[in-house]
1. Could you tell me the center-to-center distance, by alpha carbons, between the range 238-308 and the range 2-53 in angstrom?
2. At a Förster distance of 56 Å, what's the computed FRET efficiency of Q297 paired with L50, Cβ-Cβ distance as r, to 0.05?
3. Take the range 27-168, drop everything but the C-alpha atoms, weight them equally and run the Debye formula without solvent; then report log10 I(q)/I(0) at 0.11, 0.12, 0.13, 0.20 Å⁻¹ to two decimals.
4. Scaled to the compact-protein estimate 2.2 N^0.38 Å, what is the alpha-carbon radius of gyration of the range 205-245, rounded to two decimal places?
5. For A80 paired with R133, estimate the spin-label separation in nm (one decimal), with each label point 7 Å from Cα along the Cα-to-Cβ line.
6. How far apart, in nm, are the 7 Å Cα→Cβ label points at E248 and E275?
7. Cα centroids of the range 162-179 and the range 204-230: how far apart, whole angstrom?
8. Principal axis lengths of the range 247-299 from Cα atoms, whole Å, largest first?
Amino acid sequence: MTLTIGPHALAGRALLAPMAGVTDPPFRALCSRFGAALACAEMLSADQSLWHTPKSRRRMAMNGSGQITLAVQLAGSDPAQLAEAARRQAGDGAEIIDLNLGCPAKKVCERLCGSALLGDEDLVARIFAALVRAVNVPVTVKIRTGPDPTRRNATRIAVLAERAGLAAIAVHGRTRAERFQGSAEYDSIRAVKAAVRIPVIANGDIATPEQARAVLEHTGADAVMIGRAALGSPWIFRDVNAFLDSAEFPPPLLRASQTAIILQHLESLYAFYGEYTGVRMARKHLARYCERQPETQAARTELLAAENSASQFALAGRVFGVWAAAADCAEPADESNRRQGSPVAQPHRARAQ
Ligand SMILES: Cc1cc2nc3c(=O)[nH]c(=O)nc-3n(C[C@H](O)[C@H](O)[C@H](O)COP(=O)(O)O)c2cc1C
């Protein structure tokens, strides 16, 4: 069944979760290439006095990933301010405006926002109404299941969202008080799905294709949203989509292909952020790629210490190239290999911004 958000029919039921500091345009483009049907940008404060900073600018609609439907996420608590921010972002090309009611931080930029607002349902309803009035593009919301385990009000928030005209709701199966502790629970998401007709997206601790299917079956949700499991593994969407469609796994992605993808990821980070920040962002991702491949751990410290893009890129090519070459059996070329060309490190074309 196709998931539709407003006029946007999404090509799949696995979405990338917004993650501040991670889901920048290069990572969103990468995940969408592997089948993430939607990849929302990192949260952007609705306070426009902060929009001049490079960090904010990178999160705006004008910096879309260029791949799939462009969703910009806003965080704030003042309905008028959020509405104005939404208007600006939609004017700059955002195709979906997502409201962040899921971030566990009590305050972002000195203002209540994110899941701290879940306890104030009147305010949430006013924010929903202001956003829907402000823009012609679909408005969605990402929530937690409530402020704390004694106040799981996700269902009431979902009903408010539907009444206000929001186009979809994503639910992380933890309360705000739980932050990232314990396990996500999916009964609350099932209750949300039973209470509304707008699409419901289930989120929290989904790390494998089997879990994705189990969560969809348990909750009846229309799609899953995957966050941390995509770190160091952006190709997870390919496996999840295939498994959801056919209950079968696609042939494993070859190590040589993964190496080529990692190197392309580095190049896109250098191009997007420029030399200094690009190298630092790349370290974050390289750490995750190494974590997923224990055989690369020995070289991790050296890899993460590289000071410039040329040495970082060359070292990454060597470390992951050796890892790929050590594959047990000769791996036949697969589709992604053909698309991406040789996995061997090529001189990169880092560009300063
Ligand atoms: C590093 C990090 C940054 C995050 N930033 C955001 C954000 O900007 N907006 C948001 O709605 N959720 C944010 N989240 C929450 C995720 O979108 C997601 O709800 C959460 O990680 C649970 O999903 P998972 O178990 O698949 O990771 C962030 C999570 C992490 C780990």
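1. So the two Cα centres are separated by 19 Å.
2. 0.90
3. Evaluating at q = 0.11, 0.12, 0.13, 0.20 Å⁻¹ gives log10 I(q)/I(0) of -0.37, -0.44, -0.52, -1.20.
4. Rg over 2.2 N^0.38 Å, computed on Cα atoms: 1.06.
5. Roughly 1.1 nm, to one decimal.
6. According to this spin-label approximation, the distance is 5.0 nm.
7. Using only Cα atoms to place each centre, the spacing works out to 15 Å.
8. Largest to smallest, the principal-axis extents are 41, 25, 19 Å.
The values are calculated or read from the model by the stated rules, or taken from the named source; none is laboratory data. Nothing here was measured: the structure is a model prediction, and the numbers come from that model. Neighbour counts run over all protein chains shown; Cβ positions are idealised from the backbone, glycine included. Protein only, heavy atoms only, side chains kept; ligands, DNA and RNA dropped before computing areas. Shrake-Rupley method; radii C 1.70, N 1.55, O 1.52, S 1.80 Å.
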